[in-house]
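Notes follow once the structure below has been shown.
The values are calculated or read from the model by the stated rules, or taken from the named source; none is laboratory data. Since we're looking at a predicted model, the values are computed, not measured. Cβ coordinates were reconstructed from backbone atoms using ideal geometry, including for glycine residues, and neighbour counts include every protein chain displayed.
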Amino acid sequence: MRIPYFPGCTLYTKARNLDNSTRASLGALGVELAELPQWTCCGTVFPLAQDNYMGMVAAARILANAAKEGDGRLVTVCSFCYNVLKRVNYAIKNNPEAKNKLNTYLEENYAGETRLLHPLEVIRDEVGWERIKSKAGENLKGLKVACYYGCLLTRPAQEMAFGDPENPTVMEELVCALGAEPTVFPHKTKCCGSYQLLNSSELVLSRVREILCSAAAHGAQAIITSCPLCQFNLDWAQEKIEQNDPGFTKIPVLYFTQLLGAALALPAQNLGLEQHYVDPRPLFTGM
Amino acid sequence: MTTDLASKMGQELSGKILEISGQNPHLCMQCGTCSASCTGIDLMDLLPRQVMRLIQLGNARALACRSIWICSTCLLCTARCPRGIDIARLMEALRVINLRKGNEVLAPEKIPVDLIKEVPQMALTSGFRKLSA
């Protein structure tokens, strides 16, 4: 199965390990991600000012180009890209003014027909948990994993249609299928502070500390996410938190695709586990 | 300032916020669910509920508070508002009115160089889109 794929800027630079592990793990499950021949930055954030159509142009162009490839599906894994592409697609479908302005500007005739999918949806709906179970082996047996969705995958609920906006379960279903154990995690859809890292890093440090302590209190040995900024904030902050709190226990923060790749026993060079601040490699024996 | 002038300016501000956000702030019943849910509350000068009240009153203090720049647009307030108000869009309207006048909080030279080297690119594009003019 071949599906058009939009990697996004960060996956070509700081989050190469998310790109590599996504392509490799889906490839091992029979899904070939075919990168779009031309793409730009998605715009990163969906404009919440309703007169800001310029903030939607980049995403609209990507969606319109994707509609000309493959069978109308488009996969993207970064939570920012997924959120902005899905919301712009929703706007084009449901807001005639957005559709007209964007199409006029781009000289396109796009009506929102691209079906945007997250790899978690592809794995669940196209591959299926049973097939994952049969391929996963026993590598992750007993590993306790906290599934962190952050703010972008599920909200706003009506537009994202990614499960309950505060209690999605697809990552937990994946963890179960991989033979590991999802922990209870009340902070799974709290925000890590996001781009406030640049403006108010103390906000990020306090949010991240709360999220990490919640994961640890529920017995998690690892946290998984699909967002390069969540991953960075949760991973990078730990050394700083530890400096002020010697009792703090570090927890590795992985992409869900790295965990999937480890369960499928993919070669280490596809997973990029060495590119983390808190080394996740001790979690996986023999890797 | 005379009461008449203050009231006219308040109406202008309310109109601008409505135009940019598409949200009706008068639906707010001041329950405080947004404040209780907010990611940035510890560092805000006004609670989101208080910002909502100032918007209802057309009070320009809503434009000058720190809270609008601490909002990380996580949409928890929007998801939980029992009156169905998209509060994140109102916060964005207050930022946008400032940004369109050139009032910004995130300047590249204020970001530590060590941090710029490390952060994922999306942090820079999203931060500048939300917090820079």
Subject >> Matching option when the condition is within 11 Å of the chain's Cα centre (by Cα) and more than 10 Å from chain A (Cβ to nearest Cβ), among B:ALA6, B:ALA64 >> reply: B:ALA64
**OP:** Could you tell me whether any residue of segment A:27-45 is out of contact with any strand residue (DSSP E or B) (no Cβ under 9 Å at 6 or more places or on another chain), not in a loop (DSSP other than H, G, I, E, B) and not aliphatic (A, V, I, L, M)?
**Re:** no
Subject >> Residue list for segment A:208-224, restricted to those being farther than 16 Å from B:VAL119 by Cβ and within 13 Å of chain B (Cβ to nearest Cβ) >> reply: A:ARG209, A:GLU210, A:ILE211
**OP:** Give me a count of the residues in segment B:25-73 that are closer than 13 Å to A:SER200 by Cβ, of a type outside the set (A, V, I, L, M, F, W, C) and part of a helix (DSSP H, G or I).
**Re:** 2
Original post:
Can you name every residue in segment B:98-133 that is more than 7 Å from every other protein chain (Cβ to nearest Cβ), surrounded by 14 or more Cβ atoms within 10 Å (Cβ to Cβ) and within 14 Å of the chain's Cα centre (by Cα)?
Top reply: B:ASN98, B:LEU99, B:GLU104, B:SER132
Original post:
Scanning for something of a type in the set (A, V, I, L, M, F, W, C), surrounded by fewer than 21 Cβ atoms within 10 Å (Cβ to Cβ), farther than 24 Å from A:ARG155 by Cα and modelled with pLDDT of 95 or more, does segment B:32-44 turn up at least one residue?
Top reply: no
Original post:
Got a number for residues in segment B:74-89 being within 9 Å of another protein chain (Cβ to nearest Cβ) and assigned to a helix (DSSP H, G or I)?
Top reply: 6
Original post:
Pairs, please: C-beta under 8 Å, at least 6 apart or cross-chain, first residue on the phi > 0 side of the Ramachandran plot and in segment A:166-182, second of a type in the set (Lys, Arg) and surrounded by fewer than 20 Cβ atoms within 10 Å (Cβ to Cβ)?
Top reply: A:GLY179/A:LYS133; A:GLY179/A:LYS141
**OP:** Kindly indicate the residue of segment A:222-261 that is hydroxyl-bearing (Ser, Thr, Tyr) and outside any helix (DSSP H, G or I) and also surrounded by the fewest Cβ atoms within 10 Å (Cβ to Cβ) among those meeting that condition.
**Re:** A:THR249
**OP:** Can you work out which of the residues in segment A:172-200 that are surrounded by fewer than 18 Cβ atoms within 10 Å (Cβ to Cβ) and not acidic (Asp, Glu) is nearest to A:ASN139 (Cα to Cα)?
**Re:** A:GLY179
Original post:
List pairs: first in segment B:26-52 and under 16 Å from A:LYS190 (Cβ atoms), second among the acidic types (Asp, Glu), Cβ under 9 Å, 6+ apart or cross-chain?
Top reply: B:ASP42/A:GLU202; B:LEU43/A:GLU202
**OP:** Could you tell me whether any residue of segment A:233-241 is among the acidic types (Asp, Glu) and either over 25 Å from B:SER72 (Cβ atoms) or assigned by TED's automatic domain parsing to the domain that holds A:LEU29 (or both)?
**Re:** no
Subject >> Selection from segment A:225-258 of residues that are away from every other protein chain (no Cβ under 14 Å) and more than 27 Å from A:HIS118 (Cα to Cα) >> reply: A:ILE241, A:GLU242, A:GLN243, A:ASN244, A:ASP245, A:PRO246, A:GLY247, A:PHE248, A:THR249, A:LYS250
Original post:
Restricting attention to segment A:15-33, does a residue exist that is surrounded by fewer than 18 Cβ atoms within 10 Å (Cβ to Cβ), within 13 Å of chain B (Cβ to nearest Cβ) and free of Cβ contacts under 8 Å to residues at least 60 places away in the same chain?
Top reply: no
**OP:** Identify all residues within segment A:162-187 that are within 14 Å of another protein chain (Cβ to nearest Cβ) and either small (Gly, Ala, Ser) or more than 13 Å from A:SER79 (Cβ to Cβ) (or both); write none if there are none.
**Re:** A:GLY163, A:ASP164, A:PRO165, A:GLU166, A:ASN167, A:PRO186, A:HIS187
